[in-house]
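The values are calculated or read from the model by the stated rules, or taken from the named source; none is laboratory data. Keep in mind it's a predicted model, so treat the numbers as computed, not measured. Glycine gets a Cβ as well: all are built from the backbone with ideal geometry, and neighbour counts include every protein chain shown.
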Amino acid sequence: MILPGATLGVLGGGQLGRMFTLAAISMGYRVVVLDPDPHSPAGHIADQHIQASFMDHAALQMLGDECAAITTEFENVPADSMEFLEQFCKVRPNARALHIAQDRIREKSWLQELGLPTAPFVPIYESTDLDDAVRQLTAPLLLKTASMGYDGKGQVMVTDPGEAHAAFISLGENPCVLEEMVELESEVSVILARSINGRTEVYPVGENRHVNGILDTTIVPAAIDEGLRNDATGMAVRMADAMDYCGVLAVEFFCTRNGELLVNEIATRPHNSGHYTVDACATSQFEQQVRTMCGLPPGDARLYSPVVMTNLLGDIWQGGEPAWEAILNEPGACLHLYGKREARPGRKMGHFNYLAESTDAALNSVAGIRKTLGF
């Protein structure tokens, strides 16, 4: 076990790295952040900020020499950088898990091999793959880049071969997946923490609502039947076991109108839809990240209160500093701002959690806050 007083490293200095750093410091650890951004939100509060590329081997070695264990705040850190770090200290989750999660073709193919359901899809490597792929699937379709897409970026809806070819060009003719759009009843996610010896704690299933491809709200517990909740939890645990995973894992699912549960994607890290855990659960997803990377057992994942998490995007800064009293005057509301220097439309600047006796009561209170803040 790696105990308080040791130094932990994190690759990536955005809001997820910041919340990891806050959790680690509160538990008595030192934290070193590696991120190229001089204004990294996590770097500002860490004990040390190494400002360098994720592919800079000299900087990676400096991080590895300093730390007892290293984790990451996002999937797109090059897997070979993680493999390079493994010669200096513990790296959790491992490079294999990141390799699967950072490429949609690998991820969906791996899920198929496990026998887990996804939306019908076809890998696209070259433009010559498109015509046959469109014929195999039922429109409307989504063409998604195999890597680097997030918050609705890197995907285009298409209905025929001509649109598919134009979309492929617009996405830089990089490898993609072409998949059927499914008729959704809802979208849900499961967050779990798994230790190095396989002990697992699973949080309650959350229902996610998106606006313009960006997560807007997570409602916990999700309003889905017990069978779907059990299926989602069971699938997420099965994935973690198959990867011999150590860390926090998030799995997003589609609940279709005909009652199917389909795996959408996985994230090998804490997740936006798990931010509610900071205020509403016995152990936050970020404390779990610290615990699992340090060889400690996961903490209790029980939910203390129904909760609604709402993202705060840069759009609400366009008229000046938002009226934070709309949140801070509410006893059930907990505000979290990320320390980013520049507010831009669509940029995640913070979130707030609203705890109440029921999700309906929380949603009603959130609606009032949203009206005051103008979103």
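A few comments on the model shown:
- Of the residues making up the range 83-100, none is surrounded by fewer than 20 Cβ atoms within 10 Å (Cβ to Cβ), of a type in the set (Lys, Arg), touching a His at 6+ places or on another chain (Cβ under 8 Å) and outside the structural domain of residue 241 (by TED's automatic domain parsing).
- Verdict on residue 148 being at positive phi and within 24 Å of the chain's Cα centre (by Cα): yes
- Of all residues in the range 114-146, those satisfying the criterion of being among the charged types (D, E, K, R) and over 22 Å from residue 256 (Cα atoms) are 126, 129, 131, 132, 135.
- Some residue of the range 287-306 being closer than 23 Å to residue 211 by Cα and touching a Phe, Trp or Tyr at 6+ places or on another chain (Cβ under 8 Å): no
- Meets criteria (out of contact with any strand residue (DSSP E or B) (no Cβ under 6 Å at 6 or more places or on another chain), crowded, with 21+ Cβ neighbours inside 10 Å and of a type in the set (A, V, I, L, M)) for residue 60: yes
- Screening the candidates 214, 191 for the property of being under 14 Å from the mean Cα position of the chain (by Cα), surrounded by 21 or more Cβ atoms within 10 Å (Cβ to Cβ) and within 28 Å of residue 346 (Cβ to Cβ) yields one hit, 191.
- At least 2 residues being surrounded by 23 or more Cβ atoms within 10 Å (Cβ to Cβ) and of a type in the set (Lys, Arg) is the threshold, and among the helices (runs of 4 or more DSSP H) wholly inside the range 257-375 not one reaches it.
- Those residues of the range 19-28 which are crowded, with 23+ Cβ neighbours inside 10 Å and more than 18 Å from the chain's Cα centre (by Cα), in sequence order: 24
- Residues in the range 342-375 that are in contact with a His (Cβ under 6 Å, 6 or more places away or on another chain) and over 22 Å from residue 23 (Cα atoms): none.
- Taken together, 348, 340 contain a single residue that is at pLDDT 95 or above, touching a Leu at 6+ places or on another chain (Cβ under 9 Å) and assigned by TED's automatic domain parsing to the domain that holds residue 198, which is 348.
- Helices (runs of 4 or more DSSP H) fully within the range 44-117 counting 3 or more residues that are under 17 Å from residue 267 (Cα atoms) and in contact (Cβ under 8 Å) with a residue 40 or more places away in the chain: 95-101, 104-114
For every residue, the table says whether it meets (1) among the small types (Gly, Ala, Ser); (2) crowded, with 23+ Cβ neighbours inside 10 Å; (3) under 21 Å from residue 17 (Cα atoms); (4) more than 14 Å from the chain's Cα centre (by Cα).
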position: 204; (1), (2), (3), (4): no, no, no, yes
position: 223; (1), (2), (3), (4): yes, no, no, yes
position: 226; (1), (2), (3), (4): no, no, no, yes
position: 231; (1), (2), (3), (4): no, no, no, yes
position: 238; (1), (2), (3), (4): no, no, no, yes
position: 245; (1), (2), (3), (4): no, yes, yes, yes
position: 251; (1), (2), (3), (4): no, yes, yes, no
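- Residue list for the range 263-289, restricted to those being closer than 22 Å to residue 335 by Cα and aliphatic (A, V, I, L, M): 278, 280, 282
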